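Visitor: So that we are looking at the same thing, I have put the structure below in structure tokens.
The values are calculated or read from the model by the stated rules, or taken from the named source; none is laboratory data. None of these values were measured; they are calculated from a predicted model. So basically every Cβ, Gly included, is an ideal-geometry build from the backbone, and we count neighbours across all protein chains shown. Heavy atoms of the whole protein, side chains included, go into the accessibility calculation; ligands, DNA and RNA do not. Shrake-Rupley method; radii C 1.70, N 1.55, O 1.52, S 1.80 Å.
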Amino acid sequence: MDIVVKGRKTEVPERFRKHVAEKLKLEKIQKLDGKVISLDVEVSKEPNPRQADRSDRVEITLRSRGPVIRAEAAASDPYAALDLAAEKLDARLRKQHDKRFSRRGARRISAAEVPHHVPGAATLNGTGSTASQDEQGVPTKKIGSLEVQGDGPLVVREKTHAAAPMTLDQALYEMELVGHDFYLFIDSETKEPSVVYRRHAYDYGVIHLQTDTMVTQAHPTEAGGALGG
């Protein structure tokens with residue numbers, strides 16, 4: 001397998017191609033994923049002078065028999081962008097490798113063992129039915145705006161971010177920049193919250209939220225949406 005390096009609207013010097021081969025060591029990658037089919041590196045340049053600190057962008061795409069792994073980064077020069085993207089690729093490869101390893105090592109547990117492995121799991125009383133909360137002695141506590149019984153396993157984490165409205169293209173760019181599978185933003189045209197998300201390969205989806213006054217009045221506590229295929 002060879003590494004294919006190409007430029008998008010920019011020339012890729014031979015020196016950089018050699019640096020890619022030194023940075024992305026195929027032996028190391030194949031140890032983490034032995035089913036690698038291809039490894040592509042695409043270099044592009046942002047002509048906007050306002051984005052000089054991230055004008056050079058490097059995108060690495062690794063295809064194997066499993067899911068496609070992509071890592072990209074932007075910096076003031078292509079070498080720095082490559083270093084950042086290579087670090088992301090290595091982290092994602094190790095995560096996939098550890099996930100596969102943990103699946104192989106996992107074993108099934110019996111129903112009797114469930115309470116010992118899963119905190120807050122329901123137990124059975126003498127009649128074979130589910131024991132009541134009082135019988136189990138499970139305390140209830142408040143986390144944020146929710147009531148949680150026992151130790152979870154629910155974890156609630158609330159964050160508030162200040163966000164400037166942006167276009168759909170900008171939101172896709174920011175999502176790829178941080179390497180996430182979705183990105184929440186305020187649409188500059190509608191001024192409404194929206195979400196872009198990765199679907200399959202290079203396909204993306206977008207969900208726009210619109211305030212429905214009729215639903216709000218009828219069900220004031222029910223709101224939100226779910227990502228769909």
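Visitor: Figure the gain on full extension for Val206 and Glu189 (residue separation times 0.36 nm, minus the Cα-Cα span) and round it to one decimal in nm. Spell out each step's value before the answer.
Guide: Values: separation 17, 0.36 × 17 = 6.12 nm, distance 1.41 nm.
Using 0.36 nm per residue and subtracting the Cα-Cα distance, I get 4.7 nm.
Visitor: Also, quick follow-up: From the backbone phi of region 7-15, what are the Karplus-calculated ³J(HN,Hα) couplings (6.51 cos²θ - 1.76 cosθ + 1.60, θ = phi - 60°) in whole Hz, Gly and Pro given as x?
Guide: x, 10, 6, 7, 8, 10, x, 4, 4
Visitor: Another question about this same structure. What does the accessible area of Arg92 come to, in Å² to the nearest 10, when a probe of 1.4 Å is used?
Guide: Surface accessible to solvent at Arg92 totals approximately 70 Å².
Visitor: Less than 16 Å from a label point 7 Å out along the Cα-to-Cβ axis of Arg54: which backbone N atoms in region 24-43 qualify, by residue?
Guide: Counting backbone N atoms under 16 Å from the label point, the list is empty.
Visitor: Note down the nm distance, to one decimal, between modelled labels 7 Å out along Cα→Cβ at Ile37 and at Thr160.
Guide: 4.7
Visitor: Pop out the ³J(HN,Hα) list for region 24-40 in order, Karplus 6.51 cos²θ - 1.76 cosθ + 1.60 with θ = phi - 60°, rounded to Hz; leave Gly and Pro as x.
Guide: The phi angles translate into 9, 6, 5, 4, 5, 5, 6, 5, 7, 9, x, 10, 5, 9, 8, 9, 10 Hz.
Visitor: Amide H to amide H, which residues 5 or more places from Ser188 or on other chains are under 5 Å from it, using H placed in the peptide plane?
Guide: For Ser188, whose amide H was placed from the backbone, the distant partners under 5 Å are Met166, Thr167.
Visitor: DSSP loop GluC sites (Glu not before Pro) in region 1-91 with at most 15 other Cβ atoms within 10 Å of their Cβ, which ones?
Guide: Taking region 1-91 and a limit of 15 other Cβ atoms within 10 Å, the loop GluC sites (Glu not before Pro) found are Glu11.
Visitor: Same structure again: Please turn the phi angles of region 165-177 into ³J(HN,Hα) values with the Karplus equation 6.51 cos²θ - 1.76 cosθ + 1.60 (θ = phi - 60°), one per residue in order, whole Hz, x for glycine and proline.
Guide: Calculated HN-Hα couplings, in order: x, 8, 7, 4, 4, 5, 5, 4, 4, 5, 4, 5, 5 Hz.
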